[in-house]
1. Is it true that LEU101 is outside any helix (DSSP H, G or I), of a type in the set (A, V, I, L, M) and closer than 23 Å to THR34 by Cβ?
2. Of the conditions (1) surrounded by fewer than 22 Cβ atoms within 10 Å (Cβ to Cβ); (2) modelled with pLDDT of 95 or more; (3) not β-branched (Val, Ile, Thr), TYR111 satisfies every one except a single condition; which number is it?
3. Given the conditions (1) among the aliphatic types (A, V, I, L, M); (2) modelled with pLDDT of 95 or more; (3) closer than 17 Å to ARG53 by Cβ, report the number of the one that LEU165 does not fulfil.
4. Residue under question is SER153, and the condition is that it be surrounded by fewer than 16 Cβ atoms within 10 Å (Cβ to Cβ), in contact with a helix residue (DSSP H, G or I) (Cβ under 7 Å, 6 or more places away or on another chain), within 21 Å of ALA42 (Cα to Cα) and not β-branched (Val, Ile, Thr); does it hold?
5. Do you know which of the residues in segment 76-92 that are of a type in the set (A, V, I, L, M) and under 15 Å from MET12 (Cβ atoms) is surrounded by the fewest Cβ atoms within 10 Å (Cβ to Cβ)?
6. From ARG115, ARG161, ARG120, ARG127, grab the single residue that is more than 15 Å from the chain's Cα centre (by Cα) and of a type in the set (D, E, K, R).
7. Anything in segment 120-157 that is within 23 Å of ASP52 (Cα to Cα) and modelled with pLDDT under 95? List them, or say none.
8. Pairs only if they're at least six apart or on different chains, beta carbon under 8 angstrom, first in segment 115-140 and of a type in the set (Lys, Arg), second modelled with pLDDT under 95 and surrounded by 12 or more Cβ atoms within 10 Å (Cβ to Cβ); list them, first residue then second.
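The values are calculated or read from the model by the stated rules, or taken from the named source; none is laboratory data. Nothing here was measured: the structure is a model prediction, and the numbers come from that model. Positions of Cβ are backbone-derived with ideal geometry, glycine not excepted, and every protein chain shown enters the neighbour counts.
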Amino acid sequence: MIPSREWTSELMHNRGMPPHIIRHSHAVRLVAVTVAVTLGKAGYGIDMRLVDRAALLHDICKAGSLINGGDHALMGRRLMEELGYPRIGEIVGQHVRLESLEVNEAMVVNYADKRVMHDRVVSLQKRFLDLMDRYGKNEQSMQRILKHYEDASEVEQVLVRCSGLEPERLNHLNLVTGDHALDG
């Protein structure tokens, strides 16, 4: 079962998602749906509604984790499972680290999140340079960020091989002023 867009928006509001995280989530959704369409054209059975809702909800627990600590992906997974949406929870739980390199909805949302810096679509390199500047405070954190960059690069290569995705074309999504056409 997949929740409606209205339910998703209400949950985001009721959980007190800050506006900047909502803007980020909408940008991730736009990238994720675009990648999912590309995979669909290549013959992959990607559930668009599942990608859409999971992308919107991937950071549902981010603000709480910044205040109280904890793994926001795991917290989001548990929340979605408690609310009766385990498929969304599975994707939310993998938006930071994938469990496998299987081409599926979790990979799509994971990759889309890595391509959005704040609310702008950027290259993986630019995104991870920003993360390094902001969070690379010591050798351990720099190594962790570098490992995430290597993992994201591998995911991008898988998506390119499987679907012909042209990563640089995703930057054109910054020209989209809204995503009303995708609101259905």
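1. Working: outside any helix (DSSP H, G or I): yes; of a type in the set (A, V, I, L, M): yes; closer than 23 Å to THR34 by Cβ: yes.
Spelling it out, LEU101 is indeed outside any helix (DSSP H, G or I), of a type in the set (A, V, I, L, M) and closer than 23 Å to THR34 by Cβ.
2. Every listed condition holds for TYR111 apart from (1).
3. (3)
4. On the way: surrounded by fewer than 16 Cβ atoms within 10 Å (Cβ to Cβ): yes; in contact with a helix residue (DSSP H, G or I) (Cβ under 7 Å, 6 or more places away or on another chain): yes; within 21 Å of ALA42 (Cα to Cα): yes; not β-branched (Val, Ile, Thr): yes.
Judged against the criteria, SER153 is a match.
5. So in segment 76-92, the residues of a type in the set (A, V, I, L, M) come out as 79-80, 83, 88, 91-92.
Imposing the further condition that a residue be under 15 Å from MET12 (Cβ atoms) reduces the set to 79-80, 83, 88, 92.
Numbers: LEU79: 19, MET80: 25, LEU83: 15, ILE88: 29, VAL92: 30.
Ranking the candidates gives LEU83 first.
6. Details: ARG115 fails: more than 15 Å from the chain's Cα centre (by Cα); ARG120 fails: more than 15 Å from the chain's Cα centre (by Cα); ARG127 fails: more than 15 Å from the chain's Cα centre (by Cα).
After ruling out the rest, the residue left standing is ARG161.
7. Passing the criteria: none in range.
8. Close Cβ pairs (under 8 Å, with a partner that is modelled with pLDDT under 95 and surrounded by 12 or more Cβ atoms within 10 Å (Cβ to Cβ)) amount to ARG120/ASN174.
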